[in-house]
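Working notes, structure below.
The values are calculated or read from the model by the stated rules, or taken from the named source; none is laboratory data. Because the structure is a prediction, the values reported are computed rather than measured. Every residue, glycine as well, gets a Cβ built from its backbone with ideal geometry; the counts of neighbours run over all protein chains shown.
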Amino acid sequence: MTMEYVKLGRSNLKVSRLCLGAMGFGSKSWRDWVLDEKASDPIVDRAIEHGINFFDTCDFYSAGESERILGETLVKKHQRDSFVLATKAGNPMSAHPNGRGYSRKHLFRAIDDSLHRLGTDHVDLFQTHIWDKSCELEELVDAMGDIVRAGKARYVGVTTMPAWTLALCRSIAETKNSAKFLSMQCEYNAAHRECERELVPLCLHENIALIPFSPMARGFLSANRRDKANNSARTASDDYTQKYYYRDSDFAVQSALADVAGRLECSPSQVALAWTLSRPGMTSPIFGATSVAQLDEAVAALDLKLTQDDIATIDAAYAPRPFGGGH
């Protein structure tokens, strides 16, 4: 397999077709399934060997420990211009009311803290994280643009914000000749397709990079979770997965993936990732790995080509969520 590289939206920046997410690197005091620095290091090394040059983390993951570990295992070990480093801000980092969200005050503190933990003077992509319905969009656009002007980030992007707010933010940035949001992280997999309603069409029209997360539905699609023997440490403790998946139709999607995987002699995880990769406009799906074997398995999915019949089998099992369900 030769890694393919594509442009990040309307930029000239090239990113690998897979992005390694670092939520699984950090402290077990945050989540009992995450890996410490020693266990994370060989996974990062293996990603580099495979040609992955795109790495995504967040200040919120393990209260900053994920960023610190990525600083040690990636930034300190590899030439800085050889990889694309992304992080996010917005989730609570302090107990006080200004230790979160998208005020100018917090965003400047957040980027400085992230750069310190990562051990670098800039990130390549700085993104919003969870959406705040009370956010003043003009302040957000101004602050993110000034962070780019200050050289602390090369590009800016967003995560799971409504399509109309992304369109409005880009319009505000254009009128001010400021940095536009050029990427969108959204939850997208064969069992969670709500972003197809508005977000994906907008991104396709505007050539906004789509960086889907949870292509395996946080591990739900990797095995039949009705069988308790298939419950991993993450699926057993992840209340988010149990809240947004575990519908009858979600189990039907997993079963369809498993059927296709059996015919192709591969894993359901690989079929789930290949399904997301096959969708229009997908730039670089974010996947997590807690072992070198999982990373190798994900990279091998790049060579997996699903037929139209395979995709139709998987799609037939999907049931849309009601408006407002999921991300």
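Taking the range 125-160 as the region of interest, how many residues are farther than 22 Å from F54 by Cα, of a type outside the set (S, T, N, Q) and in a loop (DSSP other than H, G, I, E, B)?
Number satisfying all stated conditions: 6.
Kindly establish whether A95 is surrounded by fewer than 19 Cβ atoms within 10 Å (Cβ to Cβ), within 27 Å of A293 (Cβ to Cβ) and more than 20 Å from the chain's Cα centre (by Cα). Lay out the reasoning, then the answer.
Numbers: surrounded by fewer than 19 Cβ atoms within 10 Å (Cβ to Cβ): yes; within 27 Å of A293 (Cβ to Cβ): no; more than 20 Å from the chain's Cα centre (by Cα): yes.
Here the answer is no, as A95 does not meet what is asked.
What are the residues in the range 239-258 that are closer than 30 Å to G9 by Cβ and without any contact (Cβ under 8 Å) to a residue 24 or more places away in the chain, if any?
Scanning the range 239-258 gives a single hit, Y240.
Being in contact with a Ser or Thr (Cβ under 6 Å, 6 or more places away or on another chain), of a type outside the set (S, T, Y) and either over 25 Å from A293 (Cβ atoms) or modelled with pLDDT of 95 or more (or both) is true for just one of I111, I48, I52, I43. Which residue is that?
Values: I111 fails: in contact with a Ser or Thr (Cβ under 6 Å, 6 or more places away or on another chain); I48 fails: in contact with a Ser or Thr (Cβ under 6 Å, 6 or more places away or on another chain); I43 fails: in contact with a Ser or Thr (Cβ under 6 Å, 6 or more places away or on another chain).
That would be I52, the only listed residue that is in contact with a Ser or Thr (Cβ under 6 Å, 6 or more places away or on another chain), of a type outside the set (S, T, Y) and either over 25 Å from A293 (Cβ atoms) or modelled with pLDDT of 95 or more (or both).
So how many residues does the range 25-52 have that are in a loop (DSSP other than H, G, I, E, B), surrounded by fewer than 22 Cβ atoms within 10 Å (Cβ to Cβ) and of a type outside the set (D, E)?
Looking only at the range 25-52, we keep the residues that are in a loop (DSSP other than H, G, I, E, B), and these are 26-34, 36, 51-52.
In the following step, the residues that additionally are surrounded by fewer than 22 Cβ atoms within 10 Å (Cβ to Cβ) were identified as 27-33, 36, 51.
Now narrow it down to the ones that are of a type outside the set (D, E): 27-31, 33, 51.
Number of matching residues: 7.
Determine whether D121 is loosely packed, with under 15 Cβ neighbours inside 10 Å, part of a loop (DSSP other than H, G, I, E, B) and not polar (S, T, N, Q).
Values: loosely packed, with under 15 Cβ neighbours inside 10 Å: yes; part of a loop (DSSP other than H, G, I, E, B): yes; not polar (S, T, N, Q): yes.
The answer is yes for D121.
Given the criterion surrounded by 18 or more Cβ atoms within 10 Å (Cβ to Cβ), closer than 28 Å to N177 by Cα and more than 19 Å from the chain's Cα centre (by Cα), identify the matching residue among K152, K133. Spell out how you get there, then give the answer.
Values: K133 fails: surrounded by 18 or more Cβ atoms within 10 Å (Cβ to Cβ).
Step by step, each of K152, K133 is checked, and only K152 is surrounded by 18 or more Cβ atoms within 10 Å (Cβ to Cβ), closer than 28 Å to N177 by Cα and more than 19 Å from the chain's Cα centre (by Cα).
Residue check, V84 against (1) over 19 Å from I111 (Cβ atoms); (2) surrounded by 14 or more Cβ atoms within 10 Å (Cβ to Cβ), all met but one. Which one?
(1)
If C58 satisfies all but one of (1) over 19 Å from the mean Cα position of the chain (by Cα); (2) assigned to a loop (DSSP other than H, G, I, E, B); (3) surrounded by 15 or more Cβ atoms within 10 Å (Cβ to Cβ), what's the number of the condition it fails?
Every condition holds for C58 apart from (1).
Of the residues that sit in the range 217-248 and are assigned to a loop (DSSP other than H, G, I, E, B) and not polar (S, T, N, Q), which one is surrounded by the most Cβ atoms within 10 Å (Cβ to Cβ)? Let's see the steps before the verdict.
First, pick out the residues of the range 217-248 that are assigned to a loop (DSSP other than H, G, I, E, B): 223-227, 231-232, 238, 245-247.
From the residues that got through so far, the ones that are not polar (S, T, N, Q) too are 223, 225-227, 238, 245-247.
On the way: A223: 19, R225: 22, R226: 11, D227: 8, D238: 18, Y245: 25, Y246: 14, R247: 13.
In this case the residue turns out to be Y245.
Mind checking which residues of the range 198-233 are β-branched (V, I, T) and out of contact with any strand residue (DSSP E or B) (no Cβ under 6 Å at 6 or more places or on another chain)? Lay out the reasoning, then the answer.
Pass one, the range 198-233, residues β-branched (V, I, T): 200, 208, 211.
V200, the sole residue that qualifies.
At pLDDT below 95, on the phi < 0 side of the Ramachandran plot and aliphatic (A, V, I, L, M) - does that describe any residue in the range 236-256?
Among the residues of the range 236-256, at least one is at pLDDT below 95, on the phi < 0 side of the Ramachandran plot and aliphatic (A, V, I, L, M), which makes the answer yes.
Return the residues of the range 10-24 that are more than 18 Å from the chain's Cα centre (by Cα) and either crowded, with 16+ Cβ neighbours inside 10 Å or modelled with pLDDT under 95 (or both); say none if nothing qualifies.
The initial filter retains those residues of the range 10-24 that are more than 18 Å from the chain's Cα centre (by Cα), namely 10-12.
Correct list: S11 only.
Output yes when any residue across the range 245-253 is of a type in the set (D, E, K, R) and either under 19 Å from W33 (Cβ atoms) or in contact with a Ser or Thr (Cβ under 9 Å, 6 or more places away or on another chain) (or both), and no when none is.
The initial filter retains those residues of the range 245-253 that are of a type in the set (D, E, K, R), namely 247-248, 250.
When the remaining residues are screened for being either under 19 Å from W33 (Cβ atoms) or in contact with a Ser or Thr (Cβ under 9 Å, 6 or more places away or on another chain) (or both), the result is none.
No - not one qualifying residue is present in the range 245-253.
Consider the range 6-23. How many of its residues are within 9 Å of S284 (Cα to Cα) and either out of contact with any helix residue (DSSP H, G or I) (no Cβ under 9 Å at 6 or more places or on another chain) or assigned to a strand (DSSP E or B) (or both)? Write out each step before concluding.
Of the residues in the range 6-23, the ones within 9 Å of S284 (Cα to Cα) are 6, 8, 15-19.
Still in the list and also either out of contact with any helix residue (DSSP H, G or I) (no Cβ under 9 Å at 6 or more places or on another chain) or assigned to a strand (DSSP E or B) (or both): 6, 8, 15-16, 19.
Final tally of qualifying residues: 5.
Going by the conditions given, is M1 more than 18 Å from the chain's Cα centre (by Cα) and in contact (Cβ under 8 Å) with a residue 24 or more places away in the chain?
Yes; evaluated as a whole, the condition is true for this residue.
Determine if the range 142-160 includes at least one residue that is free of Cβ contacts under 8 Å to residues at least 60 places away in the same chain and closer than 27 Å to A317 by Cβ. Step through it out loud before you land on a result.
Residues of the range 142-160 that are free of Cβ contacts under 8 Å to residues at least 60 places away in the same chain, as a first pass: 142-153, 156, 158.
Narrowing further to those that are closer than 27 Å to A317 by Cβ: none.
Within the range 142-160, not a single residue is free of Cβ contacts under 8 Å to residues at least 60 places away in the same chain and closer than 27 Å to A317 by Cβ.
Quick check on my filter: what residues within the range 199-216 are assigned to a helix (DSSP H, G or I), touching a helix residue (DSSP H, G or I) at 6+ places or on another chain (Cβ under 8 Å) and of a type in the set (A, V, I, L, M)?
Of everything in the range 199-216, those that are assigned to a helix (DSSP H, G or I), touching a helix residue (DSSP H, G or I) at 6+ places or on another chain (Cβ under 8 Å) and of a type in the set (A, V, I, L, M) turn out to be L199, L202.
Within the bounds of the range 86-107, is there any residue that is over 19 Å from K180 (Cα atoms), free of Cβ contacts under 8 Å to residues at least 24 places away in the same chain and part of a helix (DSSP H, G or I)?
yes
Just to check your reading of the model, which residue among D124, D132, D146 is touching a Leu at 6+ places or on another chain (Cβ under 8 Å), farther than 30 Å from Q254 by Cα and among the charged types (D, E, K, R)?
Residue meeting the stated conditions: D124.
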